[in-house]
Amino acid sequence: QVQLVESGGGLVQAGGSLRLSCAASGRTFSSGAMGWFRQAPGKEREFVAAISRVGTITRYADSVKGRFAISRDSAVNTLYLQMNSLTPEDTAVYYCAAGAPTLSSSPTLFGYWGQGTQVTVST
């Protein structure tokens with residue numbers, strides 16, 4: 001089992017930045033590829049970014065490409081999402097996910113999920 005705990009969400013003005021963190025514990029060697037997803041009210045959960053197990057390959061949703069950066073520090077078992085140039089459309093609950101056998105944008109391949117952290121971007 002892998003436990004994931006997100007932090008770093010909050011309220012920010014449009015154009016601002018936030019950095020989300022996701023601390024993994026438990027059988028972290030099983031964390032595999034990791035990713036971030038988000039879900040806005042009334043919408044389905046959507047892919048944001050993913051990173052390979054060793055952190056050398058990343059993938060982004062078109063809506064965040066060039067603004068968000070995903071990274072991971074295996075020494076401290078933590079996943080990050082640096083979010084810049086935020087817009088109100090980025091408002092959502094952001095979820096950390098782990099355990100995918102390969103780099104993927106599909107939520108069904110991730111076996112472990114955090115509880116989510118709210119990001120709200122005001123105009």
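The values are calculated or read from the model by the stated rules, or taken from the named source; none is laboratory data. This structure is a prediction, so every number in the text was calculated from the model and none was measured. Glycine also receives a Cβ, built like all others from the backbone with ideal geometry; neighbour counts cover every protein chain displayed. Quick note on the areas: whole protein, heavy atoms, side chains included, nothing else; ligands and nucleic acids left out. Shrake-Rupley method; radii C 1.70, N 1.55, O 1.52, S 1.80 Å.
Please work out the Cα convex hull volume for the range 15-78 and give it in Å³ per residue.
Values: hull volume 7.4 nm³, N = 64.
Expressed per residue, the convex hull around the Cα atoms of the range 15-78 is 115 Å³.
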If you take every DSSP beta bridge fully contained in the chain, what fraction is antiparallel? Give it as a percent rounded to 5. 90 percent
Kirkwood hydrodynamic radius of the chain from all distinct Cα pairs, in Å? 14.0 Å
Once the Cα gyration tensor of the range 69-117 is diagonalised, semi-axes √(5λ) in Å: 20, 15, 11
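Would you mind putting 91-100, 108-117 in packing order, based on average other-beta-carbon counts within 10 Å, highest first? Write down the numbers at each step before the final one.
Details: 91-100: 22.8, 108-117: 17.2.
Packing proxy ranking, top to bottom: 91-100, 108-117.
So, by mean Cβ neighbours within 10 angstrom, what's the order for 80-86, 5-11 with the highest one leading? Before the final figure, lay out the partial values.
Details: 80-86: 19.1, 5-11: 15.7.
Averaged packing, sorted descending, gives the order 80-86, 5-11.
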To the nearest 20 debye, what charge dipole does the range 1-59 have about its Cα centre, counting +1 at the Cβ of each Lys and Arg and -1 at the Cβ of each Asp and Glu? 120 debye
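On alpha-carbon atoms, Rg over Rh for the range 46-95 using Kirkwood Rh? Can you show the working numbers first?
Working: Rg = 11.3 Å, Rh = 11.7 Å.
Looking at the range 46-95, the ratio lands at 0.97.
In debye, nearest 20: dipole of the chain around its Cα centre with unit charges on the Cβ of K, R (+) and D, E (-)?
Working: 10 positive and 7 negative charges, 46 e Å.
My answer is approximately 220 debye.
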Roughly how much of residue 46 is accessible, in Å² to the nearest 10, using a 1.4 Å probe? 80 Å²
